[in-house]
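Let me begin by presenting the structure, written as structure tokens, before commenting on it.
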Amino acid sequence: GENVEQHPSTLSVQEGDSAVIKCTYSDSASNYFPWYKQELGKRPQLIIDIRSNVGEKKDQRIAVTLNKTAKHFSLHITETQPEDSAVYFCAASIRSGSNYKLTFGKGTLLTVNP
Amino acid sequence: EAEVAQSPRYKITEKSQAVAFWCDPISGHATLYWYRQILGQGPELLVQFQDESVVDDSQLPKDRFSAERLKGVDSTLKIQPAELGDSAMYLCASSHLVANYGYTFGSGTRLTVV
């Protein structure tokens, strides 16, 4: 089955700095890679995703890169703000017939210090 | 914005008791997922439905957990008997049948077994 490793488990940055979270996956058939942000006590919310036919995607201060050969993908947050503080989860999706299943990493606790 | 509805939000139960959670997916979403999220970890898939059929329950502890989606719309997850280690957030998510998109999660049910 799919295995997703996520690093680091905790990350502390100063406001305005950049933050990078990295994930690796095991199944070369994985073709969809979303990132979720989860604030304390709330549901995970999709913030950005990337498909295997592109190498990079950007949405304002958030970007995701994908290296299919190395089977790793990364989340980049620039100009971090205190409200970016949360737990971030990467995930990888594999298709099985007409169904899809996401396997999640263990999460990264990001703290942005004012 | 359409949401996945879950109830109850919080549940405290004594060990060995039965407990049930309910989920109503976004209208038109044929695929429904139940995930368990232990504090400090990423969500782990328990069961996946395609309409009313179970397509993946390989990680569901079948001796005590059961799930159903009788009419292919809303779903119930049951635990009987509950154990202390079942304390976690139980998240429901839904997605389109054939499109490989990120899930929309419900707000979850926080279960505490005492």
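Just a yes or no: is a residue in segment A:43-50 charged (D, E, K, R) and either at pLDDT 95 or above or touching an Asp or Glu at 6+ places or on another chain (Cβ under 6 Å) (or both)? If you could, list the steps in order and put the result at the bottom.
At the first step, the residues of segment A:43-50 found to be charged (D, E, K, R) are A:43, A:49.
When the remaining residues are screened for being either at pLDDT 95 or above or touching an Asp or Glu at 6+ places or on another chain (Cβ under 6 Å) (or both), the result is none.
No, because not a single residue in segment A:43-50 is charged (D, E, K, R) and either at pLDDT 95 or above or touching an Asp or Glu at 6+ places or on another chain (Cβ under 6 Å) (or both).
If only one of B:LEU70, B:LEU39 is free of Cβ contacts under 8 Å to residues at least 40 places away in the same chain and farther than 22 Å from B:GLY102 by Cβ, which one is it?
B:LEU70 is the lone residue from the list that is free of Cβ contacts under 8 Å to residues at least 40 places away in the same chain and farther than 22 Å from B:GLY102 by Cβ.
Scan the strands (runs of 3 or more DSSP E) fully inside segment B:1-93 and keep the ones with 1 or more residues being out of contact with any Gly (no Cβ under 8 Å at 6 or more places or on another chain) and modelled with pLDDT of 95 or more. Please lay out each step first, then the result.
Working: elements: B:5-7, B:10-13, B:19-24, B:31-37, B:44-50, B:53-56, B:65-68, B:75-79.
Those strands (runs of 3 or more DSSP E) span B:5-7, B:10-13, B:19-24, B:31-37, B:44-50, B:65-68, B:75-79.
Within segment B:26-50, track down each residue that is within 7 Å of chain A (Cβ to nearest Cβ) and not polar (S, T, N, Q). Give the steps one after another, and end with the answer.
Initial filter on segment B:26-50 (within 7 Å of chain A (Cβ to nearest Cβ)): B:31, B:41-43, B:45, B:48, B:50.
Correct list: B:GLY42, B:PRO43, B:LEU45.
Quick one: in segment A:36-47, of everything that is assigned to a strand (DSSP E or B), in contact (Cβ under 8 Å) with a residue 24 or more places away in the chain and at the interface with another protein chain (Cβ under 9 Å from one of its Cβ atoms), which residue is surrounded by the fewest Cβ atoms within 10 Å (Cβ to Cβ)?
Ranking the qualifying residues of segment A:36-47, first place goes to A:GLN38.
Any idea which of A:ILE50, A:ILE77, A:ILE21 is more than 16 Å from B:GLY42 (Cβ to Cβ), surrounded by 12 or more Cβ atoms within 10 Å (Cβ to Cβ) and within 14 Å of chain B (Cβ to nearest Cβ)? Reasoning before the result, please.
Values: A:ILE77 fails: within 14 Å of chain B (Cβ to nearest Cβ); A:ILE21 fails: more than 16 Å from B:GLY42 (Cβ to Cβ).
On inspection, the qualifying residue turns out to be A:ILE50.
Would you mind stating whether B:GLN50 is surrounded by 14 or more Cβ atoms within 10 Å (Cβ to Cβ) and not small (Gly, Ala, Ser)? First the steps, then the outcome.
Working: surrounded by 14 or more Cβ atoms within 10 Å (Cβ to Cβ): yes; not small (Gly, Ala, Ser): yes.
Criteria met by B:GLN50.
Hey, any hits in segment A:97-109 for a residue that's surrounded by 15 or more Cβ atoms within 10 Å (Cβ to Cβ) and either away from every other protein chain (no Cβ under 13 Å) or of a type in the set (D, E, K, R) (or both)?
yes
Return the total of residues in segment A:24-33 being within 10 Å of another protein chain (Cβ to nearest Cβ) and in contact with a Phe, Trp or Tyr (Cβ under 8 Å, 6 or more places away or on another chain).
Of segment A:24-33, the ones within 10 Å of another protein chain (Cβ to nearest Cβ) are A:31-33.
With in contact with a Phe, Trp or Tyr (Cβ under 8 Å, 6 or more places away or on another chain) added as a condition, the list becomes A:32-33.
Total satisfying the criteria: 2.
Restricting attention to segment B:26-64, report how many residues are farther than 17 Å from A:LEU102 by Cα and not β-branched (Val, Ile, Thr). So that I can check it myself, show each step before the final result.
Taking segment B:26-64 first, the residues farther than 17 Å from A:LEU102 by Cα are B:26-28, B:39-40, B:51-53, B:61-64.
With the extra rule that they be not β-branched (Val, Ile, Thr), the set shrinks to B:27-28, B:39-40, B:51-53, B:61-64.
The number of residues fulfilling the criteria is 11.
The values are calculated or read from the model by the stated rules, or taken from the named source; none is laboratory data. Predicted model only: the values in this text are computed from it and were never measured. We place every Cβ from the backbone using ideal geometry, glycine too, and count neighbours over all the protein chains shown.
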